[in-house]
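Colleague: Questions regarding the structure given below will be posed in turn.
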Protein chains: 2
Amino acid sequence: MPDPEGHPSTEEMDLRTVLNALADPLRYGVVSALLSEAEGAARTCASFNLPVSKSTITHHFRVLREAGLVRQVDRGNSRAATLRHEDLDKRFPGLLDLIRANP
Amino acid sequence: MPDPEGHPSTEEMDLRTVLNALADPLRYGVVSALLSEAEGAARTCASFNLPVSKSTITHHFRVLREAGLVRQVDRGNSRAATLRHEDLDKRFPGLLDLIRANP
């Protein structure tokens, strides 16, 4: 079962859900940007400067979180996201390399 | 430029377009089924028994064709589809392995 914040375990991740999350260009851009950071780096949702409303940003990050692509952590009055690098490499070997090769 | 039937060249294939094509469960199922066939095997669109109308089937195969996932060939009064195995392995190494591991 996903944890209370909606993060699935590695075993619960589903490729079709992940592909669906990545099919949106803004969400793909977030994952691609996180991939270009040092492994484990956290960025606030606002730092991506997505050209959409705050509630839409919240929606996109929920889709990414529930697919297992990012982990969100509370930071006082903002939230930061990290890429679930190790979990994704374990569950879907080759996926992050594909995204890295197609930024 | 894609050929007159809408097949992109290997270089023209775009990962986000491919992910978008795969994000639909029926289309994912078609690709997954073609992967379980011998390489180069052709199947008619009707053989997949998709539970949707003929025009929707045509739509789904167009999305797959235009993403570069399948090649469609005319066979008299029906059309057959083959997976673009070699092209996909060349352009997106690891993608077909991911789908094979997640049928």
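The values are calculated or read from the model by the stated rules, or taken from the named source; none is laboratory data. Quick caveat: nothing in here was measured; it's all calculated off a predicted structure. Ideal geometry is used to build each Cβ from the backbone, glycine not excepted, and the neighbour counts take in all protein chains shown. SASA here: full protein model, heavy atoms, side chains in, ligands and nucleic acids out. Shrake-Rupley method; radii C 1.70, N 1.55, O 1.52, S 1.80 Å.
Colleague: Placing a label point 7 Å from Cα toward Cβ, how far apart in nm is A:MET1 from its equivalents in the other copies, listed shortest first to one decimal?
Modeller: Result for A:MET1, in nm, nearest copy first: 5.8.
Colleague: For chain A, state which GluC sites (Glu not before Pro) are in a DSSP loop and have at most 10 other beta carbons lying within 10 Å of their beta carbon.
Modeller: A:GLU11, A:GLU39
Colleague: Here's a follow-up. With a 1.4 Å probe and every protein chain left in place, work out the accessible area per residue of segment A:1-63 in Å², rounded to a whole number.
Modeller: Values: 3240 Å² over 63 residues.
Accessible surface, normalised per residue, equals 51 Å².
Colleague: Additional query: In terms of Cα to Cα distance under 16 Å, which lysines are near enough to B:LYS54, apart from those fewer than 8 places away along the same chain?
Modeller: Leaving aside lysines fewer than 8 places away in the same chain, none come within reach of B:LYS54.
Colleague: What total accessible surface area, summed over both chains, is buried at the interface between chains B and A, computed with a 1.4 Å probe and given in Å² to the nearest 100?
Modeller: Working: alone 5930 and 5930 Å², together 10420 Å².
Summed over both sides, the interface buries about 1400 Å².
Colleague: If I take the rotation axis that carries chain B onto chain A, which residue of chain B has the nearest beta-carbon, and at how many angstrom?
Modeller: B:GLY94, 1
Colleague: How far apart are the A:HIS85 label points across copies, placing each 7 Å from Cα toward Cβ, in nm, shortest first?
Modeller: Nearest to farthest, the other copies are at 3.6 nm.
Colleague: Which order do you get for A:ASP74, B:ASP14 if you rank them by accessible area with a 1.4 Å probe, largest at the top? Show your work: numbers first, answer last.
Modeller: Working: A:ASP74 115, B:ASP14 65 Å².
So the residues, ranked largest to smallest area, are A:ASP74, B:ASP14.
Colleague: Other chains near A:14-23: what is the mean number of their Cβ atoms within 10 Å of each residue's Cβ?
Modeller: Averaged over the peptide's residues, the number is 6.
Colleague: Then there's this: Add -39500 (n - 2.57) for each DSSP H run of 4 or more in chain B, then divide by its residues: what number comes out at 222 nm, to the nearest 500 deg cm²/dmol?
Modeller: Calculated from helices alone, the mean residue ellipticity at 222 nm is -13000 deg cm²/dmol.
Colleague: Something else about it: Can you list, shortest first in nanometers, how far B:VAL52 lies from the same residue in the other copies, with each label 7 Å from Cα toward Cβ?
Modeller: Label-point separations across copies, in nm and ascending: 2.2.
Colleague: Over chain A, what percent of the accessible surface lies on carbon and sulfur atoms, probe 1.4 Å? Spell out each step's value before the answer.
Modeller: Working: 2630 of 5210 Å².
Its accessible area is 50 percent carbon and sulfur atoms.
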